[in-house]
1. Please determine whether any residue of region 65-87 is modelled with pLDDT under 80 and in a loop (DSSP other than H, G, I, E, B).
2. Give the residues of region 131-142 that are touching a helix residue (DSSP H, G or I) at 6+ places or on another chain (Cβ under 7 Å) and either at pLDDT below 90 or open to solvent by 70 Å² or more (accessible area, probe 1.4 Å) (or both), sorted by residue number.
3. Find the residue count for region 20-30, including only residues that are in a loop (DSSP other than H, G, I, E, B) and either over 15 Å from the mean Cα position of the chain (by Cα) or under 23 Å from residue 111 (Cα atoms) (or both).
4. Give region 66-78 a look and list any residue that's open to solvent by 50 Å² or more (accessible area, probe 1.4 Å) and either touching a strand residue (DSSP E or B) at 6+ places or on another chain (Cβ under 6 Å) or free of Cβ contacts under 8 Å to residues at least 12 places away in the same chain (or both), or say none.
5. Scan region 114-130 residue by residue and report those that are open to solvent by less than 50 Å² (accessible area, probe 1.4 Å) and within 16 Å of the chain's Cα centre (by Cα).
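The values are calculated or read from the model by the stated rules, or taken from the named source; none is laboratory data. Just so it is clear, the model here is predicted, and its values are computed rather than measured. Here the Cβ positions follow ideal geometry from the backbone for every residue, glycine too, while neighbour counts run over all protein chains shown. When the accessible area is computed, the model is the full protein with side chains, heavy atoms only, and any ligands, DNA or RNA have been set aside. Shrake-Rupley method; radii C 1.70, N 1.55, O 1.52, S 1.80 Å.
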Amino acid sequence: MSAKSKALAKAKKALPKFTGELQSPILIPSAKAEWGPLSPESLKSEIAKQRVAKLDLLFAHYGIRPNDKERLPKLATRLAVDFVPGMITVEQHSSPYSAKKKSHRDKRWGIDRFADLVRDVDARGEKILAAIYYLVNEQPEKWGEYKGRELSLKSLYHEGKRKRKELSDWNASIGLWSP
């Protein structure tokens, strides 16, 4: 599978992460609605209101605080990393003859998986273990394999925080902006 195909598959996989109102489209009323059709101006206004309401949910989904002055650039970056093939990271596999083999865990827990865990736990705004128990039970398709092993996820969460800080420090050291 090519790197482009892998990136497109990752972008498609990111879509089910959204729940609740973020999973439901904004519905435009039909001309037969009981209160009558909307004018083009009022329709645009109604759609804009609904998008603004959902924008706060989107910030919360990505764990971006409402009072963060850099929240729009952070949101744009996180959305791009999730959905724009050119912004998605794909691990290149080295030669099968390379001296050091990666462990099974290394293949499953790339930086994106760590970032997902940290983002999901932090978005809950609870104590780490309480958030992890919630995620395991409420998002079984994503975290359900850790049911009964939530302490493992807690360790992985802390490892993800360390990796994120290392990456942020590295980006800062070479002059790159990081969210």
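1. Within region 65-87, not a single residue is modelled with pLDDT under 80 and in a loop (DSSP other than H, G, I, E, B).
2. Start the filter on region 131-142 by keeping residues that are touching a helix residue (DSSP H, G or I) at 6+ places or on another chain (Cβ under 7 Å), which leaves 131-136.
Hits for region 131-142 are 133, 134.
3. Within region 20-30, the first condition is being in a loop (DSSP other than H, G, I, E, B), and the residues that meet it are 23-30.
Remaining after also requiring either over 15 Å from the mean Cα position of the chain (by Cα) or under 23 Å from residue 111 (Cα atoms) (or both): 24-30.
So the answer is 7.
4. Once the filter is applied, which keeps residues that are open to solvent by 50 Å² or more (accessible area, probe 1.4 Å) and either touching a strand residue (DSSP E or B) at 6+ places or on another chain (Cβ under 6 Å) or free of Cβ contacts under 8 Å to residues at least 12 places away in the same chain (or both), region 66-78 yields 66, 67, 69, 72, 76.
5. Selection gives 114, 115, 116, 117, 118, 119, 120, 121, 123.
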